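Report on the following structure.
The values are calculated or read from the model by the stated rules, or taken from the named source; none is laboratory data. The structure displayed is predicted, hence computed values, not measured ones. Don't worry about glycine lacking a Cβ; one is built from the backbone with ideal geometry, like all the others, and counts go over all protein chains shown.
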Amino acid sequence: MSSTEQPGTRSGAAPAAAFPASPPRSRVGEGETLHAVTLPGMTVAVRGLRRDAAGERPPALCVHGLGGSSLNWSALLRELAGDVDGEAIDLPGFGDSPPPDSGDYSVSGHARAVIAYLDAARRGPVHLLGNSLGGAVATRVAAVRPDLVRTLTLISPALPEIPPQRTAWPTALLAVPGVASLFCRLTRDWTPEQRTGGVLGLCYGDPTRVAPQDFAEAAEEYARRLRLPYFWDAMVRSTRGLVDAYTLGGQHALWRQAERVLAPTLLIYGGRDQLVAFRMARRASAAFRDSRLLALPDAGHVAMMEYPEIVAGGVRDLIGDAARAIRHSDSPSAGAEEQGPGNSER
C-alpha cells in the first residue's frame, strides 16, 4: 500500500501544504511516501520511503534532471534503503511541485529551493545526489553551502559542454522562443506511449531493458504531466536557465564552482549517453578535487534507473569511505599531516 506522509516535528520544516485537488498527483509506489513542504515563495514535494525502527541512517537527498521528477530515484532509493534515510525532491514546476512564486527556473533558483528545503528540514549535511540538471544544481549547492553536503554523487551532470554533442541539440533548442510551441503543434496527435518511447530512446542506453510495467507507468506519468498547465513553461524556462548557466563566467561559472566543492565526489558517466558526452568524465574528474569515477559503458543518461544496483554499490562505497575518513580524522592517533584521497577511477 502506498501512503502519504506529512512532515512531522522531526524535520523542523513548515507544515505540509495540501496538494490541490487538481491536477492529479503522481504515482506513489509501495512503501513510498510523498509530502508537500511549504517554503518561502514555493512549495516542494518530497518523496521517500516509509521509515522503520531499524535505527538511524545518514540522510540523503536526490535531485532529478530536466523534465524528470522524484520518481526517477525510486529504484535507487530502494537499493539504498539499508544505508541512508533517502529522499528525492521535486524541483519547483516538476513532479508534484507547483511553480515557484518568483518564476525563477535558473540553476541558481533550483539550487535555492534545495538549500531552502535542507535548511527547513534540518537534514544537513546530507549525501547529495544529482542527475543531469540536478547534477548542475547539486554542484552549485555543494559549492556555496559545503556545510549541507557530506558527499556528492553526480550522474551525467549537466555541466557546460561547448559544443554539446549533436544528439543533445534538440533538447537545448527548447530554450529558443517558439520552438516549444512548434513542437507541441507537430506532436499534438502523439499518444503518451509514443512520447514516452521517444524519451526513453533518448535517455536509456538500451530502451529494451525497460520492463512493460515500468513503461506503462512512465506513459501514465507523462500523460499526467501534459495535463499540468505549467508543464511546458517549466521545461522551457529551466532549459533557458541551464543554457544561461553554461555561459556564465566568473565565480558563478559551474566549472569554477566544481573546483570549489570540498565533499568527496562520485562521478558516474554512461558510455551511451546521448545528452552528456562520455568524454566529459575526464574534465569532471580533473575539476572535482576529491573525486572517483564510475564508468558504465552500456548506460545512457539515467544510470540510476538503468543500473540501480551498480550505482547503489558505488554510492555505498563513497559513503563508507567518507565515514571512515571522518572517524580517522577524529581519532587521537591520526597523523598531523593529512592527505586527501585524490582522484581515482573505478
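Some observations on this one:
- Note on the range 212-308: enclosed helices (runs of 4 or more DSSP H) holding 1 or more residues that are under 23 Å from residue 75 (Cβ atoms) are 212-226, 280-287, 303-306.
- Exactly one residue out of 271, 300 is touching a Phe, Trp or Tyr at 6+ places or on another chain (Cβ under 8 Å), of a type outside the set (A, V, I, L, M) and surrounded by 21 or more Cβ atoms within 10 Å (Cβ to Cβ): that is 300.
- Qualifying position, being more than 22 Å from residue 105 (Cα to Cα) and of a type outside the set (D, E, K, R), among 198, 241: 198
- The condition (being surrounded by 16 or more Cβ atoms within 10 Å (Cβ to Cβ) and out of contact with any helix residue (DSSP H, G or I) (no Cβ under 6 Å at 6 or more places or on another chain)) is satisfied by just one residue among 261, 276, 311: 276.
- Applying a threshold of 6 Å to beta carbon distances and a minimum spacing of six or more residues, or different chains, the list of pairs starting in the range 224-236 at a residue that is of a type in the set (Lys, Arg) and ending at one that is modelled with pLDDT under 95 and crowded, with 16+ Cβ neighbours inside 10 Å reads 225/231; 227/23.
Listed here are the residues, each with its yes/no results for (1) of a type in the set (S, T, N, Q); (2) surrounded by fewer than 24 Cβ atoms within 10 Å (Cβ to Cβ); (3) touching a His at 6+ places or on another chain (Cβ under 9 Å).
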residue	(1), (2), (3)
61	no, no, yes
71	no, yes, yes
84	no, yes, yes
89	no, no, yes
94	no, no, yes
99	no, yes, no
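- Number of positions in the range 295-306 that are within 24 Å of residue 320 (Cβ to Cβ) and either within 17 Å of the chain's Cα centre (by Cα) or of a type outside the set (A, V, I, L, M, F, W, C) (or both): 5
- Unique residue being within 19 Å of residue 200 (Cα to Cα), of a type outside the set (Ser, Thr, Tyr) and in contact with a Pro (Cβ under 8 Å, 6 or more places away or on another chain) when the list is 303, 277, 299, 284: 277
- A single entry from 197, 205 fulfils the requirement of being crowded, with 16+ Cβ neighbours inside 10 Å, farther than 19 Å from residue 133 by Cα and at pLDDT 90 or above: 197.
- Of all the criteria given as (1) part of a helix (DSSP H, G or I); (2) of a type in the set (Gly, Ala, Ser); (3) at pLDDT below 95, the one not satisfied by residue 336 is (1).
- Subset of the range 78-129 (residues that are in contact with a Gly (Cβ under 9 Å, 6 or more places away or on another chain), of a type in the set (Ser, Thr, Tyr) and either within 21 Å of residue 318 (Cβ to Cβ) or in a loop (DSSP other than H, G, I, E, B) (or both)): 102, 105, 106
- Check on residue 176, out of contact with any strand residue (DSSP E or B) (no Cβ under 6 Å at 6 or more places or on another chain) and modelled with pLDDT under 65: yes
- Test: residue in the range 260-280 that is under 21 Å from residue 160 (Cβ atoms) and without any contact (Cβ under 8 Å) to a residue 24 or more places away in the chain: yes
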